[in-house]
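For reference, the structure is listed below as structure tokens.
The values are calculated or read from the model by the stated rules, or taken from the named source; none is laboratory data. Keep in mind the model is a prediction, meaning the values are calculated, not measured. Heads up, the Cβs are rebuilt from the backbone with ideal geometry, glycines too, and the neighbour counts pull from every protein chain shown. Quick note on the areas: whole protein, heavy atoms, side chains included, nothing else; ligands and nucleic acids left out. Shrake-Rupley method; radii C 1.70, N 1.55, O 1.52, S 1.80 Å.
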Amino acid sequence: MLLKWLSFVWMSEASASTLPLQGSEVARSWDQLYIFLVALSVFFFILVVGGMLYFAVKYRKSVSKTTEYITDNHVIEAVWTVIPAILLMVIFGWGYSVYVKMTQAPSDAYEVRVIGKQWLWQFQYDDGRTTINELYVPVNKPVKLIMTSEDVIHSFFIPNFRVKQDVVPQMYSSVWFQATIPGKHQVFCTEYCGASHSQMLAKVIVLDDQQWLSWRMGKKIDLNLLPTAGLGDEALAAAVKKQDEEKAASGKPTVQLTGLAAEGKAVMQAKGCIACHSFDGAKLTGPTLKGVFGHDVELLDGSKVLADENYIRESIENPTAKVVKGFSPIMPTFKGLVSETELNAVIAYIKTLKE
Amino acid sequence: MSHSHSSSDSSEQLAPGMVDHHHAHHFANASEEFEASKQGMWLFMVTEVLMVGGLFVAYAIFRSLYPEMFKEAHHLLDWKLGMVNTIVLITSSLTMVLAVAAAQRGEHKKTVRYLIVTLLCGLAFLFVKKIEYTAKIEHGLLPGGLFNFEHAAEYAKSHGTTLTHEKAPLFFSLYFMMTGIHALHVIIGMGLITWLTIRASRKEFGSNYYTPMELVGFYWHFVDLVWIYLFPLLYLVG
Amino acid sequence: MSSTAHAVPGTHYLNNEKGLMSWLKTLDHKRIGVMYLFTILFFFFIGGLFALGIRLELMTPGQTIDFTLPLIGRIVMDAPTYNRFFTYHGAIMVFLVIIPSIPAALGNFVLPMMLGAKDVAFPRLNLMSYYLYILGAIVALSSLLLHGVDTGWTFYTPYSIRASTGTIMVVLGAFIAGFSSILTGLNFIITIHKLRAPGLSWSRLPLFCWALYATSIIQVLATPVLAITLLLLVAERVLKIGIFDPALGGDAVLFQHFFWFYSHPAVYIMILPGLGVISEIIPVFSRKPIFGYRAIAYSSFGIALIAFIVWGHHLFVSGQSEMANFIFSLLTMFVAVPTGIKVFSWVATLYRGSIRFNVPMLYALGFLELFTIGGLTGVFLATLSIDVHLTDTYFVIAHFHYVMVGGTLMAMTGGIHYWFPKMSGKMYSEKSALWAFILILIGFNVTFFPQFIVGAQGMPRRYWYYLPEFTTLNQISTVGSWFLLAGFVWVAVYLWKAIRSGENAPGNPWEALTLEWQSPSPPPLENFVETPTVTSWPYEYRS
């Protein structure tokens, strides 16, 4: 008995270690129920598969020459009907009670509006500010997201907080959480939404009281100073990326990015440009940016245009005006979402992407 | 594999009204085969009900969401033409019953005659449908995204009503989907009745074998029944 | 007018007529079953290739497949290509493999024989449903010529309204294949009602027949709803009817309700026949009556009934009302009760038996292991709050592969090994089969178990790019898929060898009591030399 109990304790620890960081109030209750389910499943698995193996070995033909004529046994059948039914009701009730916690947002929750579009997340705050792929929220305070989509169905999923909600066009849906750990938390889109679905990523930036105050006063937060919480470890991602780049660049001279161009690259990563535009010549949903600057670009109507600073600005602010041949006019406008300084940085970076 | 014996095999005497027919080899006797076919047809009707049911569910959902829109839009359907079609189809059901009964009695000529009347009713139904569709298409009363509000408003004005509800195109989506799928069933039914007419004129049905008549009869009544639901739901809202 | 087949010595259903046309025009349920079997295995191979491509691409977080082959040129799996891969994998495996697998292939062959009948009730309809299936497959795959389809097999609106034109072809293909499924179900129901041999009362009906009966009811009742849903989707694209398209005032989530009203019951179309196969295999190789015959038979109907009222559990995070979530979660819990009854009854059948470990029995035991995991993880997903985190992650992928592949496919493979001597008249090498089984069982667990963990960690499904943290588990999974490949190729090789040069099989190699074994192997044209009369229960095993 003791051994059994110990194995359960070990198991709960093991199964908890396979879960993402416990980053919100509700995550704690969720994890308890999950671990209970894992333990219960292991118990029933041992009961069924263990029983099966035990019988299979014990009554194998070479040992068990005769069989017993048994067709049923109402007592045991009642037992294995009623006990699971009761257990299932307990699981249902527990599951529902956690669900209520998940869905009943406190009335004083801080509200942020979320718009999903192929393939980025846009966040609108009460002070009129807008961010892309970075959601700024305070720690230990309830936050409610009111979400809608501009095109197809998306789904807003924060593994660390154990919450997820579909984002549907022409309809508002909402999700709330109370983050407990400051830092950057990974967001995924979990409803398949087309070509760059897997790159429709964002971060919830949970700020401590002081940082939150300065964000509210309109100051910029240096994201490099914030820790990554759980998933989305940027150090690891960078290491993998470096490895890839080394593999790709073996033999080729590498260009060291500095200053403005480096900032431009960072801007393009943060604003979600890379979901559709590659830097290395690969054809994604949109045209690659490699070898574009300073060259003629063929448009849908067959005409040509020189890709200069003004063309790039136009393509960002009014993307459907001059669509490159072979692509669809589906890019959303970034007018008002990219500042002049950021625009300069982006153009500086695109200039470095030579053939 | 011989599915039925060739007629030369048979030397049995046929009673009046009976035809030379043999049941398939895997059935014990002809009545078993008839029962099986009938049950199969009933089951098929169940699948039809569920398929059409999907459309009725969509109708119910949108009508409960926008009752006033349904009221407004249905004025643009011509209930008189709908009524005519209802009468036409009920008549055709009646002649179909008479055709089956005639086949059961082995009255070949009567069977053919009733089948042809049924067929003509079907044609009349489609003709009226065509008049209705042409009028709708002309005046921009088209499904969803193809709907033309300007033309529709003019048309409504000429009918002494208005059409302003922004969800009005939905009504015509449902109208075209429901009546279109129904009309498709009418066409299939007419094909089947044509086939029956040919077989009946070859004197293939009699008191001991009329399974195809009975089954197509079921189907035709079903098509009729669906229309009897569609008519009030689309033409006589509120 | 009785015309039993003249049993000419040496003739049977495989050689009584020769030539390709004699197969293409056959009305014999056995030949139609065999044609289905080969066609389904062909599509299983195609669907499997897509799966291997998916797994290979997921070897590393970013783009993995990018190499140049001599003659062929550069092969790249970018995100749009990957999205097509999982769409075709899902659509082929669901509509062309798993749904028809056991009923149309094994069921067609075995059901009339188990009933002591000469054929199904409507042989011509049976052949027609085979050709509808082929037509559906051709129409669906013709989409490959129209830029392919990247909507996922669920065709969620509004994405599917804007996706490539090929989408229409796949949707129409599924629509046509659906009719094939309806006609098979209809045929089986009437066959079971009308063509049972003398003495084969309902309480003596083999459990495989009960399972097929329950399956057929779902096919007949649920598939028409899919048909109309798919038709509306096509109309949405062609006529812009605006029922599902929010941009035209429609309701995008309504499509999900319609779709899952069919597709959830369809999950039981996929698994119930497998449960039936296991109920046949276990008593035969335990030499004992099945435990709880009635409970197993009724539980199939219990599952079929509940199947129709739980579709909303696919929509827990779709924005449907909390009340609806409450009800659907509660109802879904009850699926586990009849499923549990079956599993416990099978284990109890082993108790005090005399167990032989022939290949079909190994698959049945392997099935029990995998299906138990699939079932238990289903309880996780039925639990409302737990599902919120796990839905649309790899946890769901792992769960339904444990049920659909670990359950249905293991049962199907077991069933093929069980009825192979009857169908082909040959025996296969049990030694080869044992190693293939071990490869498949290990390969399966290595492929899919890591997906539970990576899913719980948060990795979403349908992701071409994933976070580097998930790399190790994905690599294990990919390596597992190669074991699966090796295992199934091995099965194909030794079964083919057995057909070519295997020993002749006796009529009843497993000493089973159901009627199909009371006929020679392979069976004569009309199944039995003399129409059998049933005098006892099919599980009357006594030592």
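Return the residues of region C:334-356 that are open to solvent by 30 Å² or more (accessible area, probe 1.4 Å) and more than 7 Å from chain A (Cβ to nearest Cβ); say none if nothing qualifies.
The one that is open to solvent by 30 Å² or more (accessible area, probe 1.4 Å) and more than 7 Å from chain A (Cβ to nearest Cβ): C:PHE334.
Quick one: how many residues across region B:30-61 are of a type in the set (Asp, Glu) and open to solvent by 50 Å² or more (accessible area, probe 1.4 Å)?
Qualifying residue count for the region: 2.
Which condition from (1) hydroxyl-bearing (Ser, Thr, Tyr); (2) under 22 Å from the mean Cα position of the chain (by Cα); (3) at the interface with chain C (Cβ under 9 Å from one of its Cβ atoms) is the one that A:SER64 breaks?
With (1) hydroxyl-bearing (Ser, Thr, Tyr); (2) under 22 Å from the mean Cα position of the chain (by Cα); (3) at the interface with chain C (Cβ under 9 Å from one of its Cβ atoms) applied to A:SER64, the lone miss is (2).
Restricting attention to region A:293-313, report how many residues are open to solvent by less than 60 Å² (accessible area, probe 1.4 Å) and in contact with a strand residue (DSSP E or B) (Cβ under 9 Å, 6 or more places away or on another chain).
Of the residues in region A:293-313, 6 are open to solvent by less than 60 Å² (accessible area, probe 1.4 Å) and in contact with a strand residue (DSSP E or B) (Cβ under 9 Å, 6 or more places away or on another chain).
Could you pull out the residue among C:ARG237, C:ARG287 that is open to solvent by 10 Å² or more (accessible area, probe 1.4 Å), charged (D, E, K, R), facing another protein chain (nearest Cβ under 7 Å) and out of contact with any strand residue (DSSP E or B) (no Cβ under 6 Å at 6 or more places or on another chain)?
It is C:ARG287.
Output the residues belonging to region A:195-222 that are modelled with pLDDT of 90 or more and of a type in the set (Val, Ile, Thr).
A:VAL204, A:ILE205, A:VAL206
Run down C:LEU495, C:LEU473, C:LEU441, C:LEU467 and say which single residue is buried (at least 18 other Cβ atoms within 10 Å of the Cβ), within 30 Å of C:THR514 (Cβ to Cβ) and either in contact with a Cys (Cβ under 6 Å, 6 or more places away or on another chain) or within 14 Å of chain A (Cβ to nearest Cβ) (or both).
Criteria check complete, one pass: C:LEU441.
Please work out if A:GLU342 is in a strand (DSSP E or B) and open to solvent by 30 Å² or more (accessible area, probe 1.4 Å).
Against the criterion (in a strand (DSSP E or B) and open to solvent by 30 Å² or more (accessible area, probe 1.4 Å)), A:GLU342 does not qualify.
Working carefully through the options B:ILE87, B:ILE61, B:ILE116, find the one that is within 14 Å of B:TRP227 (Cβ to Cβ) and in a helix (DSSP H, G or I).
B:ILE87
Among (1) within 19 Å of A:ASN344 (Cβ to Cβ); (2) modelled with pLDDT under 85, there is one condition A:ILE316 misses while meeting the rest; what is its number?
(2)
Going through C:VAL388, C:VAL403 one at a time, which residue ends up being open to solvent by 10 Å² or more (accessible area, probe 1.4 Å) and assigned to a helix (DSSP H, G or I)?
That would be C:VAL403, the only listed residue that is open to solvent by 10 Å² or more (accessible area, probe 1.4 Å) and assigned to a helix (DSSP H, G or I).
Out of contact with any Pro (no Cβ under 7 Å at 6 or more places or on another chain), crowded, with 22+ Cβ neighbours inside 10 Å and either of a type in the set (Lys, Arg) or within 27 Å of C:THR413 (Cα to Cα) (or both), is that true of C:ILE282?
Here the answer is yes, as C:ILE282 does meet what is asked.
Give C:LEU186, C:LEU207, C:LEU221 a once-over and let me know the one that is closer than 21 Å to C:LEU132 by Cβ and either more than 8 Å from every other protein chain (Cβ to nearest Cβ) or open to solvent by less than 10 Å² (accessible area, probe 1.4 Å) (or both).
Of the residues listed, the single one that is closer than 21 Å to C:LEU132 by Cβ and either more than 8 Å from every other protein chain (Cβ to nearest Cβ) or open to solvent by less than 10 Å² (accessible area, probe 1.4 Å) (or both) is C:LEU186.
Inspect region C:477-490 for any residue being open to solvent by less than 10 Å² (accessible area, probe 1.4 Å), within 14 Å of chain A (Cβ to nearest Cβ), assigned to a helix (DSSP H, G or I) and in contact with a Pro (Cβ under 8 Å, 6 or more places away or on another chain) and give the result as yes or no.
Looking for residues that are open to solvent by less than 10 Å² (accessible area, probe 1.4 Å), within 14 Å of chain A (Cβ to nearest Cβ), assigned to a helix (DSSP H, G or I) and in contact with a Pro (Cβ under 8 Å, 6 or more places away or on another chain), one finds none in region C:477-490, hence no.
Find the residue count for region A:166-184, including only residues that are surrounded by fewer than 24 Cβ atoms within 10 Å (Cβ to Cβ), free of Cβ contacts under 8 Å to residues at least 60 places away in the same chain and more than 14 Å from A:LEU21 (Cα to Cα).
Matching residues across region A:166-184 total 5.
Quick one: in region C:289-333, of everything that is over 22 Å from A:VAL163 (Cβ atoms), aromatic (Phe, Trp, Tyr) and not in a helix (DSSP H, G or I), which residue is modelled with the highest pLDDT?
C:PHE291
So, in region B:153-169, of the ones that are closer than 25 Å to C:LEU233 by Cα and not in a loop (DSSP other than H, G, I, E, B), which residue ends up least open to solvent (accessible area, probe 1.4 Å)?
This residue is B:ALA168.
Considering each of A:PHE334, A:PHE293, A:PHE327 in turn, give the residue that is in a loop (DSSP other than H, G, I, E, B), modelled with pLDDT of 85 or more and out of contact with any Ser or Thr (no Cβ under 7 Å at 6 or more places or on another chain).
Only one candidate qualifies: A:PHE293.
Report, by residue number, each residue of region A:139-160 that is open to solvent by 10 Å² or more (accessible area, probe 1.4 Å), more than 9 Å from every other protein chain (Cβ to nearest Cβ) and not β-branched (Val, Ile, Thr).
A:ASN140, A:LYS141, A:PRO142, A:LYS144, A:GLU150
Restrict the check to region C:135-158 and report whether at least one residue is touching a strand residue (DSSP E or B) at 6+ places or on another chain (Cβ under 9 Å) and either open to solvent by less than 10 Å² (accessible area, probe 1.4 Å) or within 14 Å of chain A (Cβ to nearest Cβ) (or both).
Within region C:135-158 (the criterion being touching a strand residue (DSSP E or B) at 6+ places or on another chain (Cβ under 9 Å) and either open to solvent by less than 10 Å² (accessible area, probe 1.4 Å) or within 14 Å of chain A (Cβ to nearest Cβ) (or both)), the answer is yes, since at least one residue qualifies.
Inside region C:167-180, can you point out the residues that are under 24 Å from C:ASP392 (Cβ atoms) and away from every other protein chain (no Cβ under 14 Å)?
Result: C:VAL170, C:VAL171, C:ALA174.
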